[in-house]
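Single-structure report; data block below.
The values are calculated or read from the model by the stated rules, or taken from the named source; none is laboratory data. Everything numeric here is computed off the predicted structure, so don't read it as measured data. Cβ placement follows ideal geometry from the backbone for every residue including glycine, while neighbour counts extend to all protein chains displayed. These accessible areas exclude ligands, DNA and RNA; they are computed on the full protein's heavy atoms, side chains included. Shrake-Rupley method; radii C 1.70, N 1.55, O 1.52, S 1.80 Å.
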Amino acid sequence: MKKIIALAFICLSSLAQAQLTSKEEVAPELTAKREAQKKEITSNYLALKNNLLISDSIAVVKNATALQNSLQSFKFKKLTLEKMNEATITRKEIIELAAEVAATKNINKQRKVFQSLSVKFWDLAPKFKAEDTALFLQVCPMTGTGWVSDSKEIKNPYYPKNMLTCGEVKASL
(Lines give C-alpha, C1' and ligand atoms only; values in the text may rest on other atoms or scores of the structure.)
Protein backbone atom coordinates (compact mmCIF):
# COMPACT_ATOMS: atom_id res chain seq x y z
CA MET A 1 0.00 0.00 0.00
CA LYS A 2 2.85 2.40 0.84
CA LYS A 3 4.39 1.70 -2.58
CA ILE A 4 1.16 2.61 -4.36
CA ILE A 5 0.80 5.86 -2.41
CA ALA A 6 4.44 6.73 -3.05
CA LEU A 7 4.05 5.95 -6.76
CA ALA A 8 0.87 8.07 -6.97
CA PHE A 9 2.62 10.95 -5.20
CA ILE A 10 5.57 10.77 -7.62
CA CYS A 11 3.25 10.72 -10.63
CA LEU A 12 1.23 13.66 -9.38
CA SER A 13 4.30 15.72 -8.56
CA SER A 14 5.77 14.95 -12.01
CA LEU A 15 2.53 16.02 -13.66
CA ALA A 16 2.41 19.25 -11.63
CA GLN A 17 6.03 20.02 -12.54
CA ALA A 18 5.30 19.38 -16.23
CA GLN A 19 2.34 21.79 -16.13
CA LEU A 20 4.42 24.50 -14.44
CA THR A 21 7.19 24.10 -17.00
CA SER A 22 4.66 24.22 -19.82
CA LYS A 23 3.14 27.48 -18.49
CA GLU A 24 6.59 29.04 -18.11
CA GLU A 25 7.46 28.22 -21.71
CA VAL A 26 4.18 29.41 -23.28
CA ALA A 27 3.30 32.44 -21.17
CA PRO A 28 5.99 34.83 -22.50
CA GLU A 29 4.97 34.07 -26.11
CA LEU A 30 1.30 34.65 -25.39
CA THR A 31 2.05 37.80 -23.41
CA ALA A 32 4.16 39.18 -26.26
CA LYS A 33 1.46 38.34 -28.80
CA ARG A 34 -1.19 40.04 -26.68
CA GLU A 35 0.95 43.17 -26.24
CA ALA A 36 1.48 43.26 -30.02
CA GLN A 37 -2.30 43.11 -30.54
CA LYS A 38 -2.82 45.95 -28.08
CA LYS A 39 -0.16 48.07 -29.80
CA GLU A 40 -1.75 47.39 -33.18
CA ILE A 41 -5.22 48.46 -32.01
CA THR A 42 -3.87 51.61 -30.38
CA SER A 43 -1.66 52.53 -33.34
CA ASN A 44 -4.56 52.02 -35.78
CA TYR A 45 -6.75 54.36 -33.72
CA LEU A 46 -3.97 56.95 -33.45
CA ALA A 47 -3.25 56.76 -37.19
CA LEU A 48 -6.95 57.35 -37.83
CA LYS A 49 -6.91 60.41 -35.55
CA ASN A 50 -3.69 61.73 -37.10
CA ASN A 51 -5.06 61.42 -40.64
CA LEU A 52 -8.15 63.35 -39.59
CA LEU A 53 -5.73 66.06 -38.44
CA ILE A 54 -4.30 66.39 -41.94
CA SER A 55 -7.73 65.88 -43.58
CA ASP A 56 -6.62 62.82 -45.57
CA SER A 57 -9.96 61.06 -46.03
CA ILE A 58 -8.46 58.24 -48.15
CA ALA A 59 -5.95 57.33 -45.42
CA VAL A 60 -8.74 57.60 -42.83
CA VAL A 61 -10.67 54.90 -44.73
CA LYS A 62 -7.61 52.62 -44.61
CA ASN A 63 -7.01 53.31 -40.92
CA ALA A 64 -10.65 52.66 -40.03
CA THR A 65 -10.53 49.33 -41.87
CA ALA A 66 -7.29 48.40 -40.11
CA LEU A 67 -8.86 49.30 -36.75
CA GLN A 68 -11.84 47.08 -37.50
CA ASN A 69 -9.61 44.14 -38.39
CA SER A 70 -7.37 44.48 -35.34
CA LEU A 71 -10.36 44.73 -33.00
CA GLN A 72 -12.10 41.67 -34.43
CA SER A 73 -9.24 39.36 -33.46
CA PHE A 74 -8.77 40.79 -29.95
CA LYS A 75 -9.95 38.67 -27.02
CA PHE A 76 -10.59 40.13 -23.58
CA LYS A 77 -8.93 38.44 -20.60
CA LYS A 78 -9.43 38.38 -16.83
CA LEU A 79 -12.89 39.95 -16.76
CA THR A 80 -16.03 38.94 -14.93
CA LEU A 81 -18.85 37.70 -17.12
CA GLU A 82 -20.68 41.02 -16.76
CA LYS A 83 -17.58 43.08 -17.65
CA MET A 84 -16.79 40.69 -20.53
CA ASN A 85 -20.27 41.23 -21.98
CA GLU A 86 -19.98 45.03 -21.64
CA ALA A 87 -16.52 45.04 -23.26
CA THR A 88 -17.65 42.78 -26.09
CA ILE A 89 -20.66 44.99 -26.82
CA THR A 90 -18.53 48.15 -26.77
CA ARG A 91 -15.92 46.51 -29.04
CA LYS A 92 -18.71 45.60 -31.48
CA GLU A 93 -19.93 49.22 -31.42
CA ILE A 94 -16.41 50.50 -32.14
CA ILE A 95 -16.10 48.07 -35.05
CA GLU A 96 -19.44 49.29 -36.45
CA LEU A 97 -18.40 52.93 -36.06
CA ALA A 98 -15.05 52.21 -37.76
CA ALA A 99 -16.99 50.58 -40.62
CA GLU A 100 -19.13 53.70 -40.85
CA VAL A 101 -16.00 55.88 -41.04
CA ALA A 102 -14.56 53.60 -43.74
CA ALA A 103 -17.80 53.73 -45.74
CA THR A 104 -17.46 57.43 -46.60
CA LYS A 105 -14.74 59.61 -48.06
CA ASN A 106 -16.37 62.79 -46.78
CA ILE A 107 -13.96 64.09 -44.13
CA ASN A 108 -16.69 65.94 -42.22
CA LYS A 109 -18.83 62.80 -41.96
CA GLN A 110 -15.74 60.83 -40.89
CA ARG A 111 -15.04 63.35 -38.14
CA LYS A 112 -18.65 63.24 -36.95
CA VAL A 113 -18.57 59.44 -36.57
CA PHE A 114 -15.08 59.61 -35.04
CA GLN A 115 -16.57 61.57 -32.12
CA SER A 116 -18.67 58.57 -31.06
CA LEU A 117 -15.88 56.14 -31.87
CA SER A 118 -13.47 58.06 -29.61
CA VAL A 119 -15.85 57.97 -26.65
CA LYS A 120 -16.26 54.19 -27.01
CA PHE A 121 -12.52 53.71 -27.57
CA TRP A 122 -11.68 55.57 -24.35
CA ASP A 123 -14.10 53.29 -22.46
CA LEU A 124 -12.01 50.27 -23.51
CA ALA A 125 -8.62 51.98 -23.65
CA PRO A 126 -7.43 50.39 -20.37
CA LYS A 127 -7.91 46.98 -22.00
CA PHE A 128 -6.30 47.98 -25.33
CA LYS A 129 -3.39 50.00 -23.97
CA ALA A 130 -0.01 48.34 -24.29
CA GLU A 131 2.14 48.38 -21.15
CA ASP A 132 4.69 50.85 -22.52
CA THR A 133 2.12 53.28 -23.96
CA ALA A 134 0.63 56.36 -22.33
CA LEU A 135 -2.78 57.54 -23.52
CA PHE A 136 -4.51 60.84 -22.84
CA LEU A 137 -8.17 61.76 -23.12
CA GLN A 138 -8.35 65.23 -24.65
CA VAL A 139 -11.45 67.36 -24.96
CA CYS A 140 -12.15 70.59 -26.79
CA PRO A 141 -14.08 72.73 -24.27
CA MET A 142 -15.58 74.87 -27.04
CA THR A 143 -17.36 71.91 -28.64
CA GLY A 144 -17.26 69.16 -26.00
CA THR A 145 -15.73 66.73 -28.47
CA GLY A 146 -13.08 64.34 -27.22
CA TRP A 147 -10.35 62.12 -28.62
CA VAL A 148 -7.54 59.89 -27.41
CA SER A 149 -3.91 60.84 -27.95
CA ASP A 150 -0.50 59.42 -27.11
CA SER A 151 0.84 62.91 -26.42
CA LYS A 152 -0.11 65.68 -24.01
CA GLU A 153 0.24 68.15 -26.88
CA ILE A 154 -3.19 69.23 -28.12
CA LYS A 155 -3.94 68.69 -31.80
CA ASN A 156 -7.68 68.82 -32.38
CA PRO A 157 -8.66 66.34 -35.14
CA TYR A 158 -12.14 67.83 -35.51
CA TYR A 159 -11.16 71.42 -36.32
CA PRO A 160 -7.51 71.36 -37.44
CA LYS A 161 -7.75 74.57 -39.48
CA ASN A 162 -9.63 76.79 -37.02
CA MET A 163 -9.02 75.30 -33.58
CA LEU A 164 -5.94 73.04 -33.85
CA THR A 165 -4.79 73.68 -30.29
CA CYS A 166 -8.24 73.95 -28.71
CA GLY A 167 -8.46 71.33 -26.03
CA GLU A 168 -7.16 70.09 -22.73
CA VAL A 169 -6.10 66.80 -21.20
CA LYS A 170 -8.95 65.44 -19.07
CA ALA A 171 -7.54 62.03 -18.09
CA SER A 172 -4.60 59.74 -18.70
CA LEU A 173 -3.73 56.06 -18.62
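Mind listing whichever residues of the range 44-55 are part of a helix (DSSP H, G or I), open to solvent by 40 Å² or more (accessible area, probe 1.4 Å) and aliphatic (A, V, I, L, M)?
Initially, the range 44-55 is screened for residues part of a helix (DSSP H, G or I), giving 44-53.
Subset that is open to solvent by 40 Å² or more (accessible area, probe 1.4 Å): 50.
Within the range 44-55, no residue meets the criteria.
Within the range 65-86, identify whether any single residue is assigned to a loop (DSSP other than H, G, I, E, B) and in contact with a strand residue (DSSP E or B) (Cβ under 9 Å, 6 or more places away or on another chain), and answer yes or no. Break it down stepwise before answering.
Our first condition is that a residue be assigned to a loop (DSSP other than H, G, I, E, B); within the range 65-86, this holds for 73-80.
Retained after the next criterion (residues that are in contact with a strand residue (DSSP E or B) (Cβ under 9 Å, 6 or more places away or on another chain)): none.
So far as the range 65-86 goes, no, none of its residues is assigned to a loop (DSSP other than H, G, I, E, B) and in contact with a strand residue (DSSP E or B) (Cβ under 9 Å, 6 or more places away or on another chain).
So, Phe114, is that one at negative phi, of a type in the set (Phe, Trp, Tyr) and modelled with pLDDT of 95 or more or not?
On the way: at negative phi: yes; of a type in the set (Phe, Trp, Tyr): yes; modelled with pLDDT of 95 or more: yes.
Judged against the criteria, Phe114 is a match.
For the range 124-173, which fully contained strands (runs of 3 or more DSSP E) count at least 2 residues that are open to solvent by 40 Å² or more (accessible area, probe 1.4 Å) and not hydrophobic (A, V, I, L, M, F, W, C)? Can you show your working first?
Numbers: elements: 136-139, 146-149, 168-172.
It comes to 168-172.
Can you find even one residue in the range 99-112 that is part of a loop (DSSP other than H, G, I, E, B) and closer than 18 Å to Lys39 by Cβ?
Kept after step one, since they are part of a loop (DSSP other than H, G, I, E, B), are these residues of the range 99-112: 103-106.
If we keep only those that are closer than 18 Å to Lys39 by Cβ too, we end up with none.
Checking the range 99-112: not a single residue is part of a loop (DSSP other than H, G, I, E, B) and closer than 18 Å to Lys39 by Cβ.
So which of Ile95, Ile41, Ile58 ends up being part of a helix (DSSP H, G or I), modelled with pLDDT of 95 or more and under 11 Å from the mean Cα position of the chain (by Cα)?
Working: Ile95 fails: under 11 Å from the mean Cα position of the chain (by Cα); Ile58 fails: under 11 Å from the mean Cα position of the chain (by Cα).
Criteria check complete, one pass: Ile41.
What pairs can you find where one residue is in the range 73-101 and closer than 13 Å to Ser116 by Cα, the other is basic (Lys, Arg), and their Cβ atoms are less than 8 Å apart, with a gap of 6+ or different chains?
Sorted first by the residue in the range 73-101, then by its partner, the pairs are Thr90/Lys120; Glu93/Lys120; Ile94/Lys120; Leu97/Lys120.
Return yes when Leu30 is over 13 Å from the mean Cα position of the chain (by Cα), part of a loop (DSSP other than H, G, I, E, B), more than 14 Å from Val148 (Cα to Cα) and at pLDDT below 95 and no when it is not. Spell out the reasoning first.
Values: over 13 Å from the mean Cα position of the chain (by Cα): yes; part of a loop (DSSP other than H, G, I, E, B): no; more than 14 Å from Val148 (Cα to Cα): yes; at pLDDT below 95: yes.
Against the criterion (over 13 Å from the mean Cα position of the chain (by Cα), part of a loop (DSSP other than H, G, I, E, B), more than 14 Å from Val148 (Cα to Cα) and at pLDDT below 95), Leu30 does not qualify.
Please find, among Glu86, Glu93, the residue that is in contact with a Lys or Arg (Cβ under 8 Å, 6 or more places away or on another chain) and open to solvent by 40 Å² or more (accessible area, probe 1.4 Å).
Glu93
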